Amino acid sequence: MALQTTDFLDIDDLTPAELDRVLDRASAMKAGEDDAQLPNHTLAMIFEKPSTRTRASFETGMTDLGGHAMFLGPDDIQLGHGEPLRDTARVLGRYADGVMARLFDHEDVEVLAEHADCPVINGLTDEAHPCQTLADLLTIREHAGEDVRVAWVGDGNNVGQSFVVGAAMAGIDVTVATPAEYAMDGAVFDRAADFGADPTVTTDPAAAVADADVVYTDVWISMGQEDRRERKLAAFDGFQVNESLLAGSDAAVMHCLPAHRGEEITNDVLESDRALAWDQAENRLHAQKALLVELLA
């Protein structure tokens with residue numbers, strides 16, 4: 001049965017049942033129990049932002065599936081400058097079987113999806129990172145099971161916003177702790193409510209972590225926000241995931257990487273046995289392979 005959506009722009013483009021199916025397939029692929037292939041398929045990969053994990057996981061994934069990934073960086077493509085974005089989308093839709101785009105503006109990935117005659121996958125925008133959420137949920141399944149409480153501690157950014165909605169779809173209880181001025185968009189909690197979830201929201205990271213099974217953090221200064229560095233560092237005082245914050249807790253710690261060690265997380269915590277960041281990074285590959293098969297096959 002095909003997915004109801006032809007594009008994957010945010011995590012709730014899937015239904016909860018479809019999300020479960022993608023994660024089941026990812027687990028099976030990781031275990032070597034699903035050998036689905038995409039021979040003679042091409043994925044066009046548009047990168048307005050640089051990346052390690054997104055490029056490496058999608059490119060490796062397409063190779064593993066018997067297909068081909070075509071990298072199109074800022075110097076390789078006229079992304080909305082010399083040519084309208086809709087025209088680029090129309091052309092790539094006739095060359096490739098799918099398009100993955102890692103962009104700044106979320107509206108740009110929506111334009112690609114509207115005009116490309118093939119599935120479009122959001123590899124990250126300033127509003128959402130649904131592919132990371134797939135890997136996060138797969139990692140939680142593997143290490144914490146289904147009855148789990150997660151604390152998001154730090155910036156209410158794109159990774160956190162997609163995760164809160166994805167967790168709601170998966171029935172995971174989430175507490176969000178951010179400084180008031182860097183909270184998540186209220187629409188995120190409305191979307192979570194559509195799946196029966198009511199995330200707890202606080203400005204107290206210690207309270208969020210107190211009964212959590214998993215603590216999740218991400219960088220405070222995202223790509224393109226370097227001019228806000230000093231202001232943000234001051235606002236996030238007390239939000240660092242360190243041994244003091246985790247005292248008395250045996251919670252696992254997640255981070256989508258890259259990490260700014262000494263800012264949102266300490267080196268000691270990231271290098272400890274409680275850190276799941278490396279499993280999250282690996283699971284990008286398995287989750288995206290499953291998604292590619294579901295969308296492109």
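The values are calculated or read from the model by the stated rules, or taken from the named source; none is laboratory data. Only a predicted model underlies this, so the values are computations on that prediction, with no experimental measurement involved. Don't worry about glycine lacking a Cβ; one is built from the backbone with ideal geometry, like all the others, and counts go over all protein chains shown.
Taking strands (runs of 3 or more DSSP E) as the structural unit, those lying wholly within region 144-251 and holding at least 3 residues that are of a type outside the set (Ser, Thr, Tyr) correspond to 149-153, 173-177. Look at residue 227 and say whether it is assigned by TED's automatic domain parsing to the domain that holds residue 158 and over 23 Å from residue 103 (Cβ atoms). Answer is no for this residue. If you check 165, 159, 201 for being farther than 25 Å from residue 271 by Cα and out of contact with any strand residue (DSSP E or B) (no Cβ under 8 Å at 6 or more places or on another chain), only one passes: 165.
Within region 203-220, can you find the residues that are surrounded by 19 or more Cβ atoms within 10 Å (Cβ to Cβ) and within 10 Å of residue 249 (Cβ to Cβ)? Hits for region 203-220 are 209, 212, 213, 215.
For region 22-42, the condition holds for at least one residue, the condition being that it is out of contact with any strand residue (DSSP E or B) (no Cβ under 8 Å at 6 or more places or on another chain), within 19 Å of residue 165 (Cα to Cα), surrounded by 15 or more Cβ atoms within 10 Å (Cβ to Cβ) and not assigned by TED's automatic domain parsing to the domain that holds residue 187.
Go through 257, 296 for me and flag whichever is touching a strand residue (DSSP E or B) at 6+ places or on another chain (Cβ under 6 Å), more than 19 Å from residue 176 (Cβ to Cβ) and at pLDDT 95 or above.
Values: 257 fails: touching a strand residue (DSSP E or B) at 6+ places or on another chain (Cβ under 6 Å).
That would be 296, the only listed residue that is touching a strand residue (DSSP E or B) at 6+ places or on another chain (Cβ under 6 Å), more than 19 Å from residue 176 (Cβ to Cβ) and at pLDDT 95 or above.
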